[in-house]
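These notes concern the structure reproduced below.
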Amino acid sequence: MSIQPRLIVTGHDADGKAVFVRDEPPAPTRVALLPGSDFFLLWGTPDGAARVGERDPEPVLRPYFPGLGGSRALFLRWAPHSAEPEVHDPDEVAREVDEKLPGLMDPFDPGGEGMHTTDTVDYGICLEGELCLTLDDEAEVTLTPGTCVVQLGTRHRWVNRSDRPALMCYVQIGAARV
């Protein structure tokens, strides 16, 4: 049985007592760009310094990648390679991605077959299945459950070559490129 994503958020009541403010399954977001894959946008913080203690905090989920000091947390269930890609109008696909996951395509190399570079420190944790991480010169590693990769703003792409879905948890923190 596959993991069913769940989001629990804590906060404070009017008296300052710690309480649970959310406990719910996040809604999946699907785009034709990655057929059969589900994005579960969990939580994000505004760019700048992280803060705690505010009443009724709301997640910052857009744009997709955080700016300097901001963060995003998400699950991404990658479809198996056997999922048949659908043929779509590229302009229509771009509009859909921009509407549902604004900013997602910004760091991608034109015609780079999924290669991209972000100004983020990413913690990628494989929870189910296996996923290949490819870097420059086709250097590659396969992540299996329990593997954590720390992605430090390098050019990369993700590919599921297996016949099963792969579930990844990503935590992205906006960083300054030096």
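The values are calculated or read from the model by the stated rules, or taken from the named source; none is laboratory data. Predicted model only: the values in this text are computed from it and were never measured. Here the Cβ positions follow ideal geometry from the backbone for every residue, glycine too, while neighbour counts run over all protein chains shown. All accessible areas refer to the heavy atoms of the entire protein, side chains included, with ligands and DNA or RNA removed. Shrake-Rupley method; radii C 1.70, N 1.55, O 1.52, S 1.80 Å.
For every residue, the table says whether it meets (1) open to solvent by 90 Å² or more (accessible area, probe 1.4 Å); (2) touching an Asp or Glu at 6+ places or on another chain (Cβ under 9 Å).
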residue: Ala18; (1), (2): no, no
residue: Gly69; (1), (2): no, yes
residue: His81; (1), (2): yes, yes
residue: Gly103; (1), (2): no, no
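Candidates in the range 122-148 are the residues that are of a type in the set (Asp, Glu) and modelled with pLDDT of 95 or more; of these, the one that is surrounded by the most Cβ atoms within 10 Å (Cβ to Cβ) is Asp122.
Taking the condition touching a residue at least 60 places away in the same chain (Cβ under 8 Å), surrounded by 15 or more Cβ atoms within 10 Å (Cβ to Cβ) and of a type in the set (Lys, Arg), does Arg157 pass? Judged against the criteria, Arg157 is not a match.
When residues in the range 162-172 are screened for being over 16 Å from the mean Cα position of the chain (by Cα), of a type outside the set (Gly, Ala, Ser) and surrounded by 13 or more Cβ atoms within 10 Å (Cβ to Cβ), 1 of them pass.
Looking across the range 32-56 at every residue that is surrounded by 18 or more Cβ atoms within 10 Å (Cβ to Cβ) and in a loop (DSSP other than H, G, I, E, B), the one that is modelled with the highest pLDDT is identified as Ser37. For the range 155-165, state whether one or more residues are more than 25 Å from Leu68 (Cα to Cα), out of contact with any Lys or Arg (no Cβ under 7 Å at 6 or more places or on another chain) and assigned to a strand (DSSP E or B). Yes, some residue in the range 155-165 is more than 25 Å from Leu68 (Cα to Cα), out of contact with any Lys or Arg (no Cβ under 7 Å at 6 or more places or on another chain) and assigned to a strand (DSSP E or B).
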